[in-house]
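See structure below.
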Amino acid sequence: MRTTPVPELPEVEVVRAGLQRWVAGREVASVEVRHPRAIRRQEGGTPQLVAGVKGRVVPCVSRRGKYLWLPLLVPGHPVPEAALIAHLGMSGQLLIEPTGAPDERHLRVRFGFADGGRELRFVDQRTFGGLWVTDLVPDGAGGRVPREVAHIARDLLDPRWDETSVVRTVRRRDSEIKRVLLDQTVASGIGNIYADEALWRARIHGRRPARSLTAAQIRELLGHARDVMEQALAEGGTSFDSLYVNVNGQSGYFDRRLSAYGREGEPCGRCSTPIRREAFMNRSSFWCPSCQRAPRGRAAVRR
DNA sequence: CATAGATCCTGTATGC
DNA sequence: TGCATACAGGATCTAT
């Protein structure tokens, strides 16, 4: 095992697509909460979660960034007013399992369906993730999104992604470029792994002030972020050990393609300089000290 | 308001 | 062997 698995946008999209296939059109019949922390963001707790989903039909499965949600349709009504929203956190899984299959060690919530077919399970070792029912609100573009998603920016794979607007936002931020990449209100879906990969591909050091980059450099950087996520998506999601599995229980294998993340001491794929690692925001950054030149001290911060 | 840092959580790896 | 500690990190909350 290299390190911990963390679902980012490609992994969440893999889960979304799997759920779409397995639960679309089905009516929820039951909910069993096995660990209260998994629904800590649910207003009204378990009773309100049960009331919100029982008897509702799931027409489709949607996603923005790392959030995904199941709209909840009251039979006979044309439009859903609420949704079951899910965030996988660091170790969350949404699994489709045959009824009666043995419980997973970290099973947190189980959903049964009226057709008696396979059930939906939320399994989460570290319990940073969670599920809850929330209102759908206007997204400002004619659609509707869960209340908690409204403040998150569109992601790089969104058909309505507006690159010119995002580049402008990035250049206005008074912060280091990696922090900006990780800010979900600027562009959603980029986590620590893909931020490091995009920076490596673009030959940009994560501590460079965002304002020191040209618009062209930011466009290139975002393009690399999109490319690496699309590659991961095509291969079924990144995986570091058996903890991350997609909705059908199969691990992805994209980790073998990562160039910087998790490769401390290994030779850079371009110049063979050993990849460096440093603590950053209570996590780690990996970069090539030769290809990605560090900014000079704090001189870039003007006073 | 914008930005930085602390915090939550537990299995795994490592050190003494 | 057993115990303690470090580490993984997204989103949220608090502080500045």
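Nothing in this text is a laboratory measurement; each read-out follows from the coordinates by a stated rule. These numbers come from a predicted model, not from an experiment. Because the Cβ atoms are built from the backbone with ideal geometry, glycine has one as well, and the counts that use them run over all protein chains shown.
Numbers at a glance
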{"quantity": "Segment A:1-153 - convex hull of alpha carbons, volume per residue in Å³", "calculated": "116 Å³"}
{"quantity": "Mean separation of Cα contacts under 8 Å (6+ apart) over length of chain A, as relative contact order %", "calculated": "18 percent"}
{"quantity": "Solvent-free Debye scattering, log10 I(q)/I(0), computed from the Cα coordinates of chain A at q = 0.10, 0.14, 0.16 Å⁻¹", "calculated": "-0.58, -1.04, -1.26"}
{"quantity": "Folded to 0 to 90 degrees: helix A:215-234 orientation relative to chain A principal axis, Cα", "calculated": "40 degrees"}
{"quantity": "Environment charge at A:Cys288 (Cβ cut-off 9 Å; Lys +1, Arg +1, Asp -1, Glu -1)", "calculated": "+3"}
{"quantity": "Relative packing of A:71-79, A:44-52, which averages over residues the other C-beta atoms within 10 Å, highest first", "calculated": "A:44-52, A:71-79"}
{"quantity": "Neighbour-count order for A:Asp183, A:Asp124, fewest beta carbons within 10 angstrom listed first", "calculated": "A:Asp183, A:Asp124"}
{"quantity": "Computed [θ] at 222 nm, deg cm²/dmol, chain A (DSSP H ≥ 4; -39,500 (n - 2.57); rounded to nearest 500)", "calculated": "-7000 deg cm²/dmol"}
{"quantity": "Spin-label pair A:Arg160/A:Ser212, simplified geometry with 7 Å Cα→Cβ offset, distance in nm", "calculated": "3.6 nm"}
